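Undergrad: Got a structure for you, questions after.
Values quoted throughout were computed directly from the atomic coordinates according to the rules given, and no laboratory measurement underlies them. A quick note: this is a predicted structure, and the numbers were derived from the prediction, not measured. Every residue, glycine among them, receives a Cβ derived from its backbone with ideal geometry; neighbour counts consider all protein chains shown.
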Amino acid sequence: MKSFYLLLAVVGLTGFAKSEKNFFMQEAQLELDARANLGEGALWHPTENRLYWVDIEDKQVHVYNPETKQNRSLSVGQRVGTIVPMQGRGALVGLQRGIYKLDTQTGKTELLVNPLPDTLLRLNDGKCDPAGRFWVGSLALDSRRRGASLYRFDKDGIHTMLDSVSISNGIVWTSDRKTMYYNDTPTQTVQAFDYDNHTGKISNRRIVITIPRSLGAPDGMAIDAEDKLWVALWGGYGVGRYDPLTGQLMQKITVPAPHVTSCAFGGKNLETLYITTARAWVKPEILDQYPLSGALFSLNSGVRGVPANLFTEPVQKPHKP
């Protein structure tokens, strides 16, 4: 597993405030000292008013209540890349060996489909589109480039939407339901696609944001009510708010942890930005300087997010890969 992160070794750990100017800066505050190995997948449940997030390497799903500061953990037995709520009860999770249904009360999992062609791939980041389909990508544990894919799961089964991906991350849709944004981390870019909400098809792939290596690498991503993108910066000590129409960095959220992995809007009026981080793959001397690596952070963003989409498609009967 360690070799996979060699793909990101070119990203510096010297901070990210030196390369661009003329942007607004804020500092995130500690929300929960979770000490996650690889915190990821932040998502605010729109009806439960809880923050869902995962620790990939500890194979756990977390449900955090910001009012009580209580964090409930569920062990799922495999590396877990993402979680999305289902309409009604439960959630879908992208695990190392496929897409599973998760009972968020008991932790019981049920395999639905495994699209991965070999055991050296695992599922990573994912979200539901405005029509309720589940999109989830993969990455290669053996560090191979362009060996992963992006999938769409719906009532018709599993569909490969992109191939030749390296590290699939950060997928969101605009408020008019016409554009999808997506990160393939090692490319240092945010990509856009024309999106058809009726069919789920994507087309017209293009680069809308290029992130200098000195700022970190694009990991998880959220979108706000103004259709601006909030990009977690692995190796970049923060989150950047970008205008995808101009490619410009508008705002930086500094975080006292080098590896910032995902972010999601939650809380009252969806104005709090929650941020996950990682302890794994941080050098000991850097960890000494940033002991809160792996914590959950938060920020009063000053803008509103958008509610997370629920998985609303009928679930197929589970079957073996």
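Undergrad: Those residues that are touching a residue at least 60 places away in the same chain (Cβ under 8 Å), surrounded by fewer than 23 Cβ atoms within 10 Å (Cβ to Cβ) and over 21 Å from T312 (Cβ atoms), I need them from the stretch 160-178; list them, please.
TA: Once the filter is applied, which keeps residues that are touching a residue at least 60 places away in the same chain (Cβ under 8 Å), surrounded by fewer than 23 Cβ atoms within 10 Å (Cβ to Cβ) and over 21 Å from T312 (Cβ atoms), the stretch 160-178 yields only S166.
Undergrad: Would you be able to tell me the number of residues in the stretch 200-240 that are closer than 13 Å to G170 by Cβ and part of a strand (DSSP E or B)?
TA: 17
Undergrad: Tell me yes or no: at least one residue of the stretch 282-290 is hydroxyl-bearing (S, T, Y) and either closer than 23 Å to Y181 by Cα or touching a helix residue (DSSP H, G or I) at 6+ places or on another chain (Cβ under 7 Å) (or both).
TA: no
Undergrad: A further question follows. (1) free of Cβ contacts under 8 Å to residues at least 60 places away in the same chain; (2) buried (at least 21 other Cβ atoms within 10 Å of the Cβ); (3) in a strand (DSSP E or B): which one isn't true of L92, the others all being true?
TA: The failed condition is (1).
Undergrad: Then there is this: Identify, from the list R152, R122, R133, R146, the residue that is farther than 18 Å from G81 by Cβ and not acidic (D, E).
TA: R146
Undergrad: Show the residue pairs that are 6+ apart or on different chains and have beta-carbon atoms under 8 Å apart, the first residue being within the stretch 211-233 and touching a residue at least 60 places away in the same chain (Cβ under 8 Å) and surrounded by fewer than 24 Cβ atoms within 10 Å (Cβ to Cβ), the second being among the basic types (K, R) and assigned to a strand (DSSP E or B).
TA: That search, which allows pairs on different chains as well, returns D224/R241; K228/R241.
Okay, residues lined up against (1) buried (at least 19 other Cβ atoms within 10 Å of the Cβ); (2) of a type in the set (A, V, I, L, M); (3) outside any strand (DSSP E or B):
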residue	(1), (2), (3)
Q78	no, no, yes
G81	yes, no, no
G88	no, no, yes
T104	yes, no, yes
E110	no, no, no
R122	yes, no, no
A131	no, yes, yes
W135	yes, no, no
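Rundown of residues vs (1) closer than 18 Å to I209 by Cβ; (2) surrounded by 15 or more Cβ atoms within 10 Å (Cβ to Cβ), yes/no style:
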position: L245; (1), (2): yes, no
position: I253; (1), (2): yes, yes
position: T272; (1), (2): no, yes
position: R279; (1), (2): no, yes
position: V282; (1), (2): no, yes
position: R304; (1), (2): no, no
position: T312; (1), (2): no, yes
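Undergrad: Show the residue pairs meeting these rules: Cβ distance below 6 Å; 6+ apart or different chains; first residue within the stretch 142-159 and basic (K, R); second residue assigned to a strand (DSSP E or B).
TA: R146/S164; R152/W135; R152/H159; R152/M161
Undergrad: If the requirement is being of a type outside the set (D, E, K, R) and surrounded by fewer than 14 Cβ atoms within 10 Å (Cβ to Cβ), which of these qualifies: N37, N71, N49?
TA: None of the other options fit; the residue is N49.
Undergrad: Residues being touching a Gly at 6+ places or on another chain (Cβ under 8 Å), closer than 20 Å to S175 by Cβ and not aliphatic (A, V, I, L, M): count how many of those fall in the stretch 241-278.
TA: Number of matching residues: 6.
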